[in-house]
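Below: one structure, written as structure tokens.
The values are calculated or read from the model by the stated rules, or taken from the named source; none is laboratory data. Keep in mind that this is a model prediction, so the values were computed, not measured. Note that each Cβ is placed from the backbone with ideal geometry, even for glycine, and that neighbours are counted across all protein chains shown.
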Amino acid sequence: MASKILSLRRFSTLLKPHFPSFPHLPSTSCCSQFHQSSFLLLEAPVALHRHLKTLNPPCSSSSRSFCSRPLDLGADSQGPTAIDYRSLLQEDEFHKLADSAIHDLQEKFEEYGDSVQIDGLDIDYGNEVLTLKLGDLGTYVLNKQTPNRQLWLSSPVSGPSRFDWDRSAQAWVYRRTKANLLKVLESELEQLCGQPIKLT
């Protein structure tokens, strides 16, 4: 009981500015302390609410910079909607298109390898990953990313890029630059090896 009264006294000290004094309740009276404590418990939420209102006034035109209300940007100013690639291309269709592209490239790379003289040239396909090694010139890696419905290319010239299937163009296209996968490879391989290659 004594510890509870001590805690209530500390609490009343914190809330003292918001409560009237109690001259009619002597501090030495245990009964008076009990009534005063009961009053504090009943009135504390009200006083706390008043105190918080003084610290956090409602938003007004003169305090816009401190207002925490969300800014209404309107329907036309919303951010870009996330693309669900699975809704654009069914998984079985993706595998059919991606596998066809990779296998065609493998055949074209092998034919190209017979026509150029590059030390360390090697073409490998395994675990759905096509690798074209050009010795000291660098290595190309092309693989499927099924969850995103994309073909990912790692190039010694242009670095990493991701290609989506474009239905209208009927080609794998880099969304950021609209570059065609096959044309990118044609341009870069001619630049590296000094001999043109026809992929399209």
(Q) With loosely packed, with under 14 Cβ neighbours inside 10 Å and either over 20 Å from THR200 (Cβ atoms) or touching a residue at least 24 places away in the same chain (Cβ under 8 Å) (or both) as the only criterion, which of GLU188, GLU93, GLU107, GLU111 stands out? (A) GLU93
**Q.** Residue check for ARG162: of a type outside the set (Ser, Thr, Tyr) and surrounded by fewer than 17 Cβ atoms within 10 Å (Cβ to Cβ)
**A.** yes
Q | Of all residues making up the range 138-181, the number that are among the charged types (D, E, K, R) and out of contact with any strand residue (DSSP E or B) (no Cβ under 9 Å at 6 or more places or on another chain) | A | 1
Q: Kindly indicate whether any position in the range 137-147 is in contact with a Phe, Trp or Tyr (Cβ under 7 Å, 6 or more places away or on another chain), touching a residue at least 12 places away in the same chain (Cβ under 8 Å), surrounded by fewer than 16 Cβ atoms within 10 Å (Cβ to Cβ) and closer than 23 Å to LEU89 by Cβ.
A: yes
Q. Going by the structure shown, is ASP164 out of contact with any Ser or Thr (no Cβ under 9 Å at 6 or more places or on another chain) and modelled with pLDDT of 95 or more?
A. yes
Q | Lone unmet requirement of (1) surrounded by 15 or more Cβ atoms within 10 Å (Cβ to Cβ); (2) in contact with a Gly (Cβ under 6 Å, 6 or more places away or on another chain); (3) of a type outside the set (Lys, Arg) for GLY120 | A | (1)
